[in-house]
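Notes follow the structure.
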Amino acid sequence: MPLGKMLLAQELVNADQLRAALARQKVAGGRLEENLVALGFLTQEKLEAFLKEPPPVPTTIRDTGLDTPFLLNAVLKVMYTSGCQTVPEIAYYIKLSRGIIEALLEIARKDKLVEVRGATDTNFAILRHALTGMGRERALEALQQSRYVGPAPGSLAQYGGQVQKQTVANEKVNSEVLSRALSHLVLPPRIIRQLGPALNSGKPILLYGPSGNGKTTIAEALGQAFQQTIYVPYCIEVDGHLIKVFDPAVHEEVLSHLEEQDANQISLRPAEFDPRWVRCRRPDIVSGGELTLDALDLKLDPLSNDYEAPLQVKAAGGVFIIDDFGRQLVRPQELLNRWIIPLERKIDFLTLHSGKKFILPFDELVVFSTNLSPEDLMDGAFLRRIHYKLRVDLPSVEDYRTIFRRVCALYELEVPEILSYVLNVFYPETGTPRAAFHPRFIIEHVIAACNYEGIPPQLTHNLVNAALQNLRIVKPATVEG
């Protein structure tokens, strides 16, 4: 549901105010909610309270946004595969309220799909339910259509609305927070000053410059500057098909103290938000040279007949880093063409194997990182869509010394006198450009050599010089015949 309709539904604005804000947005730009506040139709406090609201707990079948037959099949599959018999067990497994499960089981009893087998041994108020022959047949038919058994999905409309409410542009990072997120890096103040507005804008960023100077590390650190939590659904339902969104490999769950106490057990405590969603940190996804166009489309599992959400959907509300841009198997122009509409209109089009197309919100901070020339990768039209372009240069001599000292401290080594030789002799004489990764590279090579020799780590001239030789390729001498 569009954000404007959600504001109307909650009576935070009226239709005339919404039209006026939309008209102003066409002229002044910005987000709809910013224009509503600027026109005085909505206070910043009410807006922030609305945006921070978690997905509400559904109390009726209608509240779930899902069809009754779909939910009924989900309950029957849980009972068939997991052995759950009671309302609390099924509700915990499927992440729906007990009232909804009771309503679904009542429908199942009327349709002769389940039968009551009496009370449980531990609580006479809780009844046990079992599938009938018809119920088992219905469960098997449902499993043939989809083998997914687990938390109930959210609806496409609910997903779209929640993504808009928790947009990455809501997060406003100040200089103190950003400096702390980047404190492990040695960067010129210019870079930090440029990164702040870029991060807060939520618009695409291009990091370019020579390799080995921290572009990827900078991009990954941007996600650490985010402090807000967002809500990610276990899965969503589209046209009867399930799309798995929550991925423990990329989504870091944030549990409250009460949720930690109730983890992995059935609780009588009312849920703080819709249990079909997981409260997480804003995600931070990195994809490098392995990225293909297929990775940006739905992936159908032929065994379960369900879909895995593509990378950009899993990155919604967070950071999506395209590392080593230009070195993917797919041509850069093809990849960029795939991104034009999402970056411009903040929507993405996905297609089911049936051919049905549907729209999802595209809301994430996209960071392109490359050591190739941007002009060779992007034409003027696409460069125009990259609002922030930051060149990450070679470290200055002083920054190089600082990095070297930090790495020495990390390994509890003294800064060697040979550092002057490295800076004043090795680099100028060999023509090797300084790079931010060199200090760690040199010291790790020295430690590896010391371990091999069975001696304590020490930065001697010979060991450092041997490590330096790994920074360049030596061409064979020409033999005169």
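The values are calculated or read from the model by the stated rules, or taken from the named source; none is laboratory data. These numbers were taken from a predicted model, which means no experiment stands behind them. Here the Cβ positions follow ideal geometry from the backbone for every residue, glycine too, while neighbour counts run over all protein chains shown. Just so you know, the surface numbers come from the protein's heavy atoms only, side chains and all, with ligands and any DNA or RNA stripped out. Shrake-Rupley method; radii C 1.70, N 1.55, O 1.52, S 1.80 Å.
Filtering the stretch 117-144 to residues that are assigned to a strand (DSSP E or B) and either of a type in the set (Gly, Ala, Ser) or under 22 Å from ASP63 (Cβ atoms) (or both) leaves GLY118, ALA119, ALA130.
Of the listed requirements (1) on the phi > 0 side of the Ramachandran plot; (2) under 12 Å from the mean Cα position of the chain (by Cα), LYS314 misses just one: (1). Meeting the requirement of 2 or more residues that are under 20 Å from GLU220 (Cβ atoms) and in contact (Cβ under 8 Å) with a residue 12 or more places away in the chain, the strands (runs of 3 or more DSSP E) wholly within the stretch 266-318 are 277-281, 284-287. The one condition from (1) modelled with pLDDT under 90; (2) not in a loop (DSSP other than H, G, I, E, B) that ILE321 does not meet is (1). Quick check, is ARG147 of a type in the set (Lys, Arg) and either within 30 Å of SER373 (Cβ to Cβ) or not in a helix (DSSP H, G or I) (or both)? In short, yes. Against the conditions (1) among the aliphatic types (A, V, I, L, M); (2) at pLDDT 95 or above; (3) closer than 17 Å to GLU141 by Cβ, ILE61 satisfies every one except (3).
When the stretch 129-142 is filtered for residues that are open to solvent by less than 70 Å² (accessible area, probe 1.4 Å) and either touching a Ser or Thr at 6+ places or on another chain (Cβ under 7 Å) or not basic (Lys, Arg) (or both), the ones remaining, listed by number, are HIS129, ALA130, LEU131, THR132, GLY133, GLY135, ALA139, ALA142.
Would you call TYR80 of a type outside the set (A, V, I, L, M) and open to solvent by 80 Å² or more (accessible area, probe 1.4 Å)? It would help to see each step written out before you state the result.
Numbers: of a type outside the set (A, V, I, L, M): yes; open to solvent by 80 Å² or more (accessible area, probe 1.4 Å): yes.
In short, yes.
In this structure, is GLN158 out of contact with any Cys (no Cβ under 6 Å at 6 or more places or on another chain), over 26 Å from TYR400 (Cβ atoms) and buried (at least 16 other Cβ atoms within 10 Å of the Cβ)? Yes, satisfied.
Please go through the stretch 196-231 and give me each residue that is free of Cβ contacts under 8 Å to residues at least 60 places away in the same chain and open to solvent by 10 Å² or more (accessible area, probe 1.4 Å), ordered by number. If the condition is that a residue be free of Cβ contacts under 8 Å to residues at least 60 places away in the same chain and open to solvent by 10 Å² or more (accessible area, probe 1.4 Å), then GLY196, ASN200, THR217, GLN227, THR229 are the ones that fit.
For the stretch 359-374, the condition holds for at least one residue, the condition being that it is polar (S, T, N, Q), assigned to a loop (DSSP other than H, G, I, E, B) and more than 30 Å from GLU141 (Cα to Cα). Residues that are under 29 Å from the mean Cα position of the chain (by Cα) and in a loop (DSSP other than H, G, I, E, B) were ranked within the stretch 3-52; the one that is modelled with the highest pLDDT is LYS52. Counting residues in the stretch 322-331 that are among the β-branched types (Val, Ile, Thr), surrounded by 17 or more Cβ atoms within 10 Å (Cβ to Cβ) and in contact with an Asp or Glu (Cβ under 7 Å, 6 or more places away or on another chain) gives zero. The set of residues in the stretch 435-444 that are open to solvent by 70 Å² or more (accessible area, probe 1.4 Å) and not aromatic (Phe, Trp, Tyr) comprises ARG440, GLU444. Could you list, in sequence order, all residues of the stretch 69-116 that are without any contact (Cβ under 8 Å) to a residue 40 or more places away in the chain, outside any helix (DSSP H, G or I) and within 12 Å of GLY135 (Cβ to Cβ)? ASP111, LYS112, VAL114, GLU115, listed by residue number.
Residue-wise test of (1) open to solvent by 20 Å² or more (accessible area, probe 1.4 Å); (2) under 14 Å from the mean Cα position of the chain (by Cα).
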site: PHE273; (1), (2): no, no
site: ARG281; (1), (2): yes, yes
site: VAL286; (1), (2): yes, yes
site: GLY289; (1), (2): yes, no
site: LYS299; (1), (2): yes, no
site: PRO302; (1), (2): yes, no
site: ASN305; (1), (2): yes, no
site: PRO310; (1), (2): no, yes
